[in-house]
Amino acid sequence: QAVKGGLSAICRPTTCVWQAKRQRVRLSLMAAVAHIAARSVAVSSTRPEGRQEDGARPGKRARRDAGHFTEHFADPEVDNLRIREVRAVMSPQLLMAELPMTREGKATVMRGRSDVQAILHGDDDRLVVIMGPCCVHDPSAALEYAQRLKAEACRLAGDLCLVMRMFFEPPRATDWKGLIFDPALDQSFMVNTGLRMSRKLLQEINHLGIPCAVGFLDTATPQFLADLVAWGGIGAQSCESTLHRDMASGLSMPVGFASPSGDVAAAAVDACAAALQSRCFFGDTKQGTTAIVHSLGNPDAHIVLPVGGTSPHCPERSVGDALARLEKSELPHGIIVDCTVSGPGSDYRQQSQAAAEICQQLAGGQRGITGVLLQSNLVGGCQQLPLPEGEPDFGHRSSALLCGVGTGGDIGEAVRRKLRYGVSVAEPCIDWTASIGILERLAEAVRRRRQLLIVAG
């Protein structure tokens, strides 16, 4: 009894100490949970009233929605004051696992990049032709275009390297933000669905054997799509952007910088020189986190020279000035000429006239022009999207209350059925017949240039 009593006296203080520690931990956890709950209530209370979906009960459903993707450490009195809502986006790694590159697709990407690189650096005397819709809005029409283009790519393979233009973001300001941001064409902004649709389309077209060209307007999209891209484009509006120059320095494919009209390619040449260097910048990882990126530099950056704005002319002097700037900067000499004619009063059919002037220069022995860019579709012209009916259903969350309506494979089909098949909804494009005529003339010009250079020794 004495021994037992002595042990109890020894252990009692230790037991009290551990009980006190457990109590402090329990109180700390309770305080943290209360703090997070208070922050959630504070954030949700600052949102405007009337945000519930149509048909949703205002009580239980609204409380559940208010807690989605809440940023708990954002003070609602000073931070995110002009942010209506933050929604979660899938990680690039998840999308790539869901829609992986096929073996045939990988071979297409590698061959397309290698061919474009060789042509840009003068190791291949063919001509790169990047052609397709201004901005893809209908996957079915895009696939049909790709199938037609494959036949032409095989027929003209000795003279032309055909790459399909697959831009998912309009290169110029429009009411529609493109297939990635608004795949349903109704301002619902189902971005995760748009990323899936865009990657699936690239996957299928590469599997067919047609390399793809993608314009990168948003610097976050390359991680989702870049492994399926043979040529990347940076628009004239982004040419002087440090963010896009940083991004281009780390992209794995040749990148063309569109020169703003009227500057004789000065901005594009500066962009190429910047992208050639190793750079340090913020970027996204395949896991979707922000990281510090150290790039190696892109030796395949080049300029995309526009024809004269509203004019279809491609003067030899403009080409010569651009090549002189490249030589002075000790950059690769290859340039791609954009035949697109844009602006008030312009006629999209004048792309054929611009291509004819390029053919004339090629046939005369001009080796500095290594490619052309065309806006082409199954049917010529352009059409307007119908206006959304009622208030935009962001994320189709109201439609999701009705099982299977507007949330799966039928995204955007209700709008597409109202449109003319194969006609652009962004900028006017030439039709397929006109496109074939241009390809024939370009191939003939390349053959004549080849013969001229052989004769010259």
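Taking 0.36 nm per residue of sequence separation and subtracting the Cα-Cα distance, how much length would be gained by fully extending the chain between residue 123 and residue 278, in nm to one decimal? All intermediate terms of the calculation are to be shown ahead of the outcome.
On the way: separation 155, 0.36 × 155 = 55.80 nm, distance 2.48 nm.
My answer for the length gained is 53.3 nm.
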Spin-label point model (7 Å from Cα, Cβ direction): what's the residue 208 to residue 86 distance in nm? 4.0
Classify region 108-197 from the C-alpha gyration tensor, please: rounded if a/c falls under 1.5, else prolate or oblate depending on whether a/b exceeds b/c. prolate
Just to be sure I understand the model, the point goes 7 Å from the Cα along the line to the Cβ. What's the resulting residue 266 to residue 384 distance in nm? 3.9
Mind computing the radius of gyration and Dmax over the alpha-carbon atoms of region 349-390? Å is fine for both. 17.0, 58
Report Rg(Cα)/(2.2 N^0.38 Å) for region 168-239, keeping two decimals. 1.09
Evaluate the distance, in nm, between pseudo-label points positioned 7 Å from the Cα of residue 290 and of residue 70 along their respective Cα→Cβ axes. 2.3
Counting DSSP beta bridges with both ends in region 177-294, the antiparallel % (nearest 5): 45
If R0 is 56 Å, what FRET efficiency do you get for residue 77 and residue 448 from their C-beta distance, rounded to 0.05? 0.20
Please compute the net charge surrounding residue 315, taking Lys and Arg as +1 and Asp and Glu as -1 over other residues with Cβ under 12 Å from its Cβ. -2
May I ask for log10 I(q)/I(0) of region 185-283 at q = 0.18, 0.19, 0.23, 0.25 Å⁻¹, from a Debye sum over the Cα atoms as equal point scatterers with solvent left out? -0.88, -0.95, -1.16, -1.26
Could you work out Rg/(2.2 N^0.38 Å) for region 80-236, with Rg from alpha carbons only? 1.08
Roughly how much of residue 329 is accessible, in Å² to the nearest 10, using a 1.4 Å probe? 50
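The values are calculated or read from the model by the stated rules, or taken from the named source; none is laboratory data. These numbers come from a predicted model, not from an experiment. Virtual Cβ from ideal backbone geometry, glycine too; neighbours counted across all protein chains shown. Just so you know, the surface numbers come from the protein's heavy atoms only, side chains and all, with ligands and any DNA or RNA stripped out. Shrake-Rupley method; radii C 1.70, N 1.55, O 1.52, S 1.80 Å.
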